[in-house]
1. Among the residues of the stretch 97-112, which ones are outside any loop (DSSP other than H, G, I, E, B) and surrounded by 11 or more Cβ atoms within 10 Å (Cβ to Cβ)?
2. Search the stretch 50-85 for residues being surrounded by fewer than 14 Cβ atoms within 10 Å (Cβ to Cβ) and charged (D, E, K, R), and hand back the single one that is nearest to Phe130 (Cα to Cα).
3. Just checking, how many residues over the stretch 99-146 are within 16 Å of the ligand (Cβ to nearest atom) and either farther than 18 Å from Lys5 by Cβ or free of Cβ contacts under 8 Å to residues at least 60 places away in the same chain (or both)?
4. Could you please let me know if His156 is modelled with pLDDT of 90 or more, within 16 Å of the ligand (Cβ to nearest atom) and assigned to a loop (DSSP other than H, G, I, E, B)?
5. With the condition kept exactly as written, say whether any residue in the stretch 23-39 is surrounded by fewer than 16 Cβ atoms within 10 Å (Cβ to Cβ), in the same structural domain as Lys133 (by TED's automatic domain parsing), among the hydrophobic types (A, V, I, L, M, F, W, C) and closer than 20 Å to Thr129 by Cβ.
Amino acid sequence: MNITKDTVVTLSFRASDAQGKLLEDGKTPRSYLHGGYGNTLPGIEKALEGQSAGYETSVTLAPEDAFGERDESLVTTIPKTQFPPGVKVGGQLRGTDDQGREAVFNVVKIKGPVVHLDGNHPLAGQSLTFQLKVLDVRAASPEEVAHGHAHGAHGHHH
Ligand code: ZN
């Protein structure tokens, strides 16, 4: 079976950054629903379109095709007194940015009374290389298409 819209693709998925640092070791297979559902990056879908099980490829995506360029306006500080208890460096905080859009902020540093937050994706501004191996391709169930994600062992769990 070939990878087309509304197929569920199971991949071995290794990812590394521009410095060659391994971000994802590929030991755990992942399934996603193919066809523009936002389950994986568009550049990865494009590289796999029309391929079948056994296909291997390597894709390098520029930041704008991966997790975006860094936006320094999303780097901010808040007083520690406004900080919910129990959140530590490396943790995340939900909030709204200057335009009132919902954003997830990563806690990067706590210095004295000030908490430093960064709303950028941790991989923003990075070129990423993915080594992909297609393990399995099957037709998606109507339920998966309705939900917009893959179910099963390596897919979404409810
Ligand atoms: Zn579902």
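1. Within the stretch 97-112, Ala103, Val104, Phe105, Asn106, Val107, Val108, Lys109, Ile110 qualify.
2. That would be Glu56.
3. 4
4. In short, no.
5. yes
The values are calculated or read from the model by the stated rules, or taken from the named source; none is laboratory data. What you are looking at is a predicted structure, and each value in this text was computed from that prediction instead of being measured. Note: ideal-geometry Cβ built from the backbone for every residue, glycine included; neighbour counts use all protein chains shown.
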